[in-house]
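Chemist: Below you'll find the structure I mean.
Nothing in this text is a laboratory measurement; each read-out follows from the coordinates by a stated rule. All values derive from a computational prediction rather than experimental measurement. Using ideal geometry, Cβ is built from the backbone for each residue, glycine included, and neighbour counts are taken over all protein chains shown.
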Amino acid sequence: MKIVSINVGLPRKVVFKGQEVLTGIFKETVQHRVSLRKLNLDSDRQADLTVHGGPDKAVYAYPSEHYEYWRHQLPGIELPWGMFGENFTTEGLLEDMVNIGDEFQIGSAKVMVTQPRMPCYKLGIKFGRTDIIRRFLVSGRSGFYFRVLQEGEVGAGDAIEPISRDKNNITIKDIIRLYVHDKQDIETLRRAAQLEPLPEGWREYFLQQIERLGK
């Protein structure tokens, strides 16, 4: 498992449906090592901090393996690393392999997996098509966010080394499944609602799902 590409970018203004929008989704690949801080990488920022960024969304990772799928789905669209707004383009680490709460060493930094990425309209801005939002969600190819446990330096080629595996065994894929496809899996809903490394907003959502099911 390793980092294939490090991608960063500062918020920029773009025009969307006649309105100016500030977005940090446009990333550029960098060749040098980058300092990873508690809230982001150096030279990288999130635009709308009400829905992006914060300790539980400090770094966004997206598997390089998914790019081949999207090349078939979106013929004619260039897909350089960082196209999905990810900071880390990864290899060997997929959504069904990663538990919420898993910890990893990358370079001199330590990180913990917190949640999948839920697409917003700015992904549509990046691709120039709004259908990408739903297609991204239902594909299950969400990527995932890291919380930074220890600041350090990271670079392309760095190994992603496991430190600890969360014993609850709820994967990123499980969270996506509960949100998109299988809203009545009461047993997994209950486990997810009690999962401490999962951000509070997700746990509250799953508790509401349990209440709606009346169980």
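Chemist: Add +1 for every Lys or Arg and -1 for every Asp or Glu among the other residues with Cβ under 10 Å from the Cβ of Ser108, and state the total.
Modeler: Working: positive: Arg33, Lys110; negative: Glu151, Glu153, Asp158.
For residues surrounding Ser108, the net value is -1.
Chemist: Using a ≥ b ≥ c from the Cα gyration tensor of the stretch 1-116 (square roots of the eigenvalues), is it rounded, prolate or oblate, where a/c under 1.5 gives rounded and otherwise the larger of a/b and b/c decides, a/b for prolate? Don't skip to the answer; put the middle values down first.
Modeler: On the way: a/c = 1.63, a/b = 1.17, b/c = 1.39.
Oblate shape, in that a/c is at least 1.5 and b/c is the bigger or equal ratio.
Chemist: Got a sec? How would Glu161, Glu78 order by Cβ neighbour count within 10 Å, fewest to most?
Modeler: Working: Glu161 13, Glu78 7.
If I rank by nearby Cβ atoms, fewest first, I get Glu78, Glu161.
Chemist: For the stretch 86-192, rounded, prolate or oblate, judged on the Cα gyration tensor with a ≥ b ≥ c (square roots of eigenvalues), a/c < 1.5 rounded, else prolate if a/b > b/c? It would help to have the intermediate numbers written out before the result.
Modeler: Working: a/c = 2.52, a/b = 1.18, b/c = 2.13.
Taking the square roots of the gyration eigenvalues as a ≥ b ≥ c, the stretch 86-192 is oblate.
Chemist: Relative contact order, percent, of the stretch 96-171 when contacts are C-alpha pairs under 8 Å separated by at least 6 residues? Could the numbers behind the result be given before it?
Modeler: Values: 126 pairs, mean separation 37.9, N = 76.
Relative contact order comes out at 50 percent.
Chemist: Which value, in debye to the nearest 20, describes the size of the charge dipole of the stretch 2-166 about its Cα centre when Lys and Arg Cβ atoms bear +1, Asp and Glu Cβ atoms bear -1, and nothing else is charged?
Modeler: Values: 21 positive and 21 negative charges, 133 e Å.
For this selection, approximately 640 debye.
Chemist: Here's a follow-up. Determine ³J(HN,Hα), in whole Hz, for all residues of the stretch 32-40 in sequence, where each value follows from phi through the Karplus function 6.51 cos²θ - 1.76 cosθ + 1.60 and θ = phi - 60°; x replaces Gly and Pro.
Modeler: Karplus-based 3J(HN,Hα) across the stretch 32-40 equals 8, 6, 10, 6, 9, 9, 5, 10, 4 Hz.
Chemist: Between the stretch 51-114 and the stretch 160-215, how far is it from one alpha carbon centroid to the other, in angstrom?
Modeler: Using only Cα atoms to place each centre, the spacing works out to 19 Å.
Chemist: How do Met83, Met97 rank when sorted from fewest to most other Cβ atoms within 10 Å of their own Cβ? Don't skip to the end; give the middle numbers.
Modeler: Working: Met83 21, Met97 13.
By the 10 Å Cβ count, ascending: Met97, Met83.
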